[in-house]
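Values in this text are rule-based calculations from the coordinates and carry no lab data. Quick caveat, the model's predicted, so the values are computed rather than measured. Please note: Cβ atoms are built from the backbone with ideal geometry, for glycine as well, and neighbour counts cover all protein chains shown.
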Amino acid sequence: MRLDFLGVGFGRSGSYWLVNCLNEHPEISIPKFSLLTEINYFPEEYKVMGLKNYMNKFKNCDFTKRVGELSTLIIFHKDSAKLLKKLFPSTKIIIYQRNEDDRMKSSYTVAKHIDLVEDNSLSLNPTYRINQEEYIRPFIKEFGKKQVHIFNLDNKNRQEELNRLFDFIGVSHFVPEGIDRIYNPEHIDKEGKIPRGTKFKPLRKTINFFKLRLRKNKKLFYTLKRNFKMDYIYQNFNHFLVEKPRFTKASEYKYSGHLGAK
């Protein structure tokens, strides 16, 4: 399968906003599932299920365009870079990042108030401070600097940052309609004082209980997740459980200039 680009950046660093901007570009085609949540297929699911389930996510993509996807958990696996280089040696790697203190705080806020945990037991996104360079270095080593692009969410000129990315992917400059939209922020209010929470907390805790136990049987977990479309059903329901923010534009969000991401 041809994969022109693959985002492997850090969670809570603008991936949800970025994937929607890429989806608007007339020369780019991404899996529609990526507009719901990240595929996060490598390396664990690939080792259990092979490449077929991953390829199925792209069956409705237009391969006359640049094709790719963004996932936020790949970078936290030590063997991801080597595996991806073996599978997709020509693929361009996109690493989106933000200030580490902001990333850490955002990840912790989401874990505590939405996932109802205070660690990364439900997600690999660290809720503690990390050295981002340690996670970036393996991809530079395997793919080389020319094949890796760092997308800086802290650049207040979003169009400038997008244009750099478009040049890297090999498409024309483009202004997405959603460039000023804010997706999946960690707070519900414009001032950033009220964390977004989860509705029906007992239900969320019940889901967490079964999810953690299902994961112990990886073959069963991934079979249900992909082959029975449970990933799609779960993510739709997951979005329903999360409180909606009271604003839609990044310019309205006074707490920070960051966009938030899944």
- request: Report the one residue of 30, 120, 49 whose Cα lies farthest in the direction of the positive end of the charge dipole of the chain (charges on C-beta: Lys and Arg +1, Asp and Glu -1; origin at the Cα centre).
  value: 49
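Loop only per DSSP, at most 16 neighbouring Cβ atoms within 10 Å: give me the GluC sites (Glu not before Pro) in region 25-81, ordered by residue number. Intermediate values should be presented prior to the final figure.
On the way: sites: 27, 38, 44, 45, 69; in loops: 27, 38.
Within region 25-81, the qualifying GluC sites (Glu not before Pro) (loop, at most 16 other Cβ atoms within 10 Å) are 27.
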message: Can you pull out the chymotrypsin sites (Phe, Trp or Tyr not before Pro) in region 36-110 whose DSSP state is coil and whose Cβ has at most 12 other Cβ atoms within 10 Å?
response: 63
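With charges only on Cβ, +1 for K and R and -1 for D and E, what is the dipole size of the chain about its Cα centre, in debye, rounded to 20?
Values: 48 positive and 30 negative charges, 218 e Å.
Dipole of the chain, to the nearest 20 debye: 1040 debye.
Which loop-located trypsin sites (Lys or Arg not before Pro) does region 97-193 contain, where loop means any DSSP state but H, G, I, E or B and the Cβ has at most 13 other Cβ atoms within 10 Å? Don't skip to the end; give the middle numbers.
Values: sites: 98, 103, 105, 112, 129, 141, 145, 146, 156, 158, 164, 181, 190, 193; in loops: 98, 129, 156, 190, 193.
Of the trypsin sites (Lys or Arg not before Pro), the ones in loops of region 97-193 whose Cβ has at most 13 other Cβ atoms within 10 Å are 129, 156, 193.
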- line: From DSSP H assignment alone, runs of 4+ in the chain each adding -39500 (n - 2.57), the sum over residues rounded to the nearest 500 puts [θ] at 222 nm at -11000 deg cm²/dmol
message: Just to confirm my numbers, what's the Cα centroid distance between region 125-191 and region 32-46 in Å?
response: 18
- prompt: What's the extension gain from residue 206 to residue 112 if we count 0.36 nm per residue and subtract their Cα-Cα distance?
  reply: 32.3 nm
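With a 10 Å Cβ neighbour count serving as the proxy for reagent exposure, in which order, fewest first, do 66, 204, 213 appear?
Details: 66 22, 204 18, 213 10.
Going from sparsest to densest Cβ surroundings: 213, 204, 66.
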query: For residue 51 and residue 249, what does the FRET efficiency come to when R0 = 30 Å and r is the distance between their Cβ atoms, rounded to the nearest 0.05?
result: 0.15
- line: From the Cα centre of region 221-252 to that of region 56-90, the distance in Å is 21
